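One structure is given below, encoded as structure tokens.
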Amino acid sequence: HLAAPPGTGPDYGHFVSKDLVNWAAMPVAIWNGLDVSVWPPRVTPYDTQAIYTGSAIVVDGAGPGGKGPGVVQIYPGLCRRSQWGACTTGTLLAQAVPADYAGDDLLTNWSKPSYNPIVEGTQRDPSTPWKTSTGEWRLRTFDSMVYAAASDAHLLAGKWHAVGKSADLRQCECPSLFPLPAPTPGTEGAHARLAASGSLPTHVHKTSCGGDWWQLGTYDEGAMKTTGSFKPTPGWEDLFEQRKIDMGFFYASKDAVFPSRDGAAARRVNWGWARVPPDSVQTLPRVITFNAVARTLEQAPAEELVSLRGSPTAFPLGTLPAGASHLLTLAPGVLGTSEIELEFALPASAARFGLRFGRAAAARSHAAGTAEEIPRSDADAEPMDCTFDYTPPATGLSGVAVEIDGRLAFVQQRTVAVSCGVHSDSLVLLAEEASLSLRVFADATLFEAFFQGGRVAMTEALAFDASSQLFIFTAGGAVRVKTAVVYPMRSIWTTADQVRQQSRVYR
């Protein structure tokens, strides 16, 4: 949200949901230069210019009446020296807490405690704080500086202090340091055995610099009032190299821990900023897991999203010959807000195949659910493809053997080039995998593509309209299409009152 005068930047917008699917827009949560939890609003001269990207943390003792867990916001306030004498860098850190935790069920009003600011003369982008085994809280900012609060009580009192600049956590925007997430479904056995031996990386470090990146390594917290260290994990040194999270228009992502619907262990969920015209949007929630067999983090769409699906349209395409281009006919308006699920059997010979968003040049009138082969020359001149470029492995090629639930899988035996539009990446394919999957969510001005369940993800800008159409194509060799299904997706928007009336989903 735009800042209040005389500010020149953004403020904290606010949206609420009880299920990660249905969302309601709320009033601005934290204004620059004002604490609007009281009337008349109280002037806060230390953050008059803007409220930039901050972080929320659940702290014991921050709940209603100072009991139980509750949320604390830590944000960078942009200040002006003429209004705040200690404004030496233009930025400082401050905290905000719910003004009426017990009576405000959607946490509409946030208060800026009188102890603010908590640290002067900082840089922007405080990470979500992490807690060490001693009870000390730490966070880092854009410039790799580490700050600490000695305990829950110190954090709740705004008692933070500078520790020093980390030599291991690189300078970048929107940083995050979090424990290695849960195993990717299907790899639990290998993950558990490696964890028992103590050989797995312990943490993920995420940064935003010309895209979003993450690296995996071993974090040693060290003693209190130190920065700790983050180093390559023996046997996993390749994962310490920076890897781009999403090759597309994805930036400044923010992760947090959320409960799961089935009450199992908490999960790490990440949202990104999709920088697409006309004015950017938030990406879908992505559940981050670690695939120890493929040696990579995966990011799958949150399972809750299936509740947005309407009635599916399935296309039994079978085997498509080389050079095929099939138009999948959908009801008008469906494609622009849809979910597409495709699965291809691994072809016997080299082939390039996938989906194409385009427009058919010739008018066609068919019932929804039909598929028609059309000449490639009869498609729009500027389509956008999401593709697999597959080459069967040479005989005798082998990889790193890892036991998974009593079976051997071979890590990185082969890679498959994947792409959407002008962006490309490399997908690790395990030896036991006999098919390739692609799941795409289209939404008016963009789409998010998830290859192989989220082993690779890409966010692309594409304006959908009534003339947009969906094609399946092949080149170089025949390909069998095992699944081709399209779901219309309903809107996520609801009202605050409807959220209040909704039963709790998570406990």
Subject >> the chain - percent of accessible surface contributed by carbon and sulfur, probe 1.4 Å >> reply: 55 percent
Subject >> Computed [θ] at 222 nm, helices only, for the chain once each DSSP H run of length n ≥ 4 contributes -39500 (n - 2.57) >> reply: -1000 deg cm²/dmol
Original post:
Once the whole set of protein chains is in place, how much accessible area is left on R80, using a 1.4 Å probe, in Å² to the nearest 10?
Top reply: 100 Å²
Subject >> Solvent exposure ordering (accessible area, 1.4 Å, most first) of E298, E341 >> reply: E341, E298
Original post:
Over the chain, with a single point scatterer placed on each C-alpha, what log10 of the ratio I(q)/I(0) does the Debye formula yield at q = 0.11 1/Å?
Top reply: -1.02
Original post:
What length, rounded to one decimal in nm, is gained on full extension from D143 through to A345, with 0.36 nm per residue of separation minus their alpha-carbon distance?
Top reply: 68.0 nm
Original post:
In terms of the Cα gyration tensor, with a ≥ b ≥ c the square roots of its eigenvalues, is region 1-43 rounded because a/c is under 1.5, prolate because a/b exceeds b/c, or oblate?
Top reply: oblate
Original post:
What per residue convex hull volume, in Å³, do the alpha-carbon atoms of region 88-184 yield?
Top reply: 159 Å³
**OP:** Could you give the spread of the C-alpha atoms of region 256-332 along their three principal axes, from largest to smallest, in whole angstroms?
**Re:** 43, 39, 26
Subject >> Surface per residue (accessible, 1.4 Å probe) for the chain, Å² >> reply: 42 Å²
**OP:** Show the residues, 5+ positions off or on another chain, whose built amide H is closer than 5 Å to the amide H of S144.
**Re:** C172
Original post:
From Cα coordinates alone, what are the radius of gyration and Dmax values for region 288-352 in angstrom?
Top reply: 16.2, 43
Subject >> Ratio of the Cα radius of gyration of region 228-267 to 2.2 N^0.38 Å, where N counts its residues >> reply: 1.69
Original post:
Between rounded, prolate and oblate, where does region 155-282 land on the alpha carbon gyration tensor, with a ≥ b ≥ c its root eigenvalues, rounded for a/c under 1.5, else prolate if a/b exceeds b/c?
Top reply: rounded
Subject >> Projected label distance in nm at Q501 and S426, using a 7 Å step from Cα toward the beta-carbon >> reply: 5.4 nm
Subject >> Whole-angstrom gap from region 52-106 to region 141-211, using each part's C-alpha centre >> reply: 21 Å
Subject >> Computed P(r) (all Cα pairs; region 1-122; 5 Å bins; percent) >> reply: 2, 11, 20, 25, 20, 12, 7, 2, 0
Original post:
Which log10 I(q)/I(0) values, to two decimals, does region 416-507 give at q = 0.11, 0.25 Å⁻¹ under the Debye formula with one point per Cα?
Top reply: -0.50, -1.48
Original post:
When the chain is fully extended, how far beyond the present Cα-Cα distance does K165 get from A192, taking 0.36 nm per residue of separation?
Top reply: 6.3 nm
Original post:
Which longest uninterrupted range of the chain lacks any chymotrypsin sites (Phe, Trp or Tyr not before Pro) assigned by DSSP to a loop state (not H, G, I, E or B) and surrounded by at most 13 other Cβ atoms within 10 Å?
Top reply: 116-505
**OP:** Please identify the cysteines of the chain that lack any partner cysteine with a Cβ under 4.7 Å from their own Cβ.
**Re:** C174
Original post:
Pairs K67/K254; K67/K225; K112/K159; K18/K206; K67/K112; K67/K165: which exceed 24 Å Cα-Cα?
Top reply: K67/K254; K67/K225; K18/K206; K67/K165
**OP:** Grab the Cα-Cα distance for A417 and K482, subtract it from 0.36 nm times how many residues apart they are, and report the gain in nm with one decimal.
**Re:** 21.4 nm
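The values are calculated or read from the model by the stated rules, or taken from the named source; none is laboratory data. Everything quoted here is computed from the prediction, not taken from an experiment. Methodologically, a virtual Cβ is constructed for each residue, glycine included, from the backbone with ideal geometry; neighbour enumeration extends over all protein chains shown. Each accessible area value is taken on the protein alone, full model and side chains, heavy atoms only, with ligands, DNA and RNA left out. Shrake-Rupley method; radii C 1.70, N 1.55, O 1.52, S 1.80 Å.
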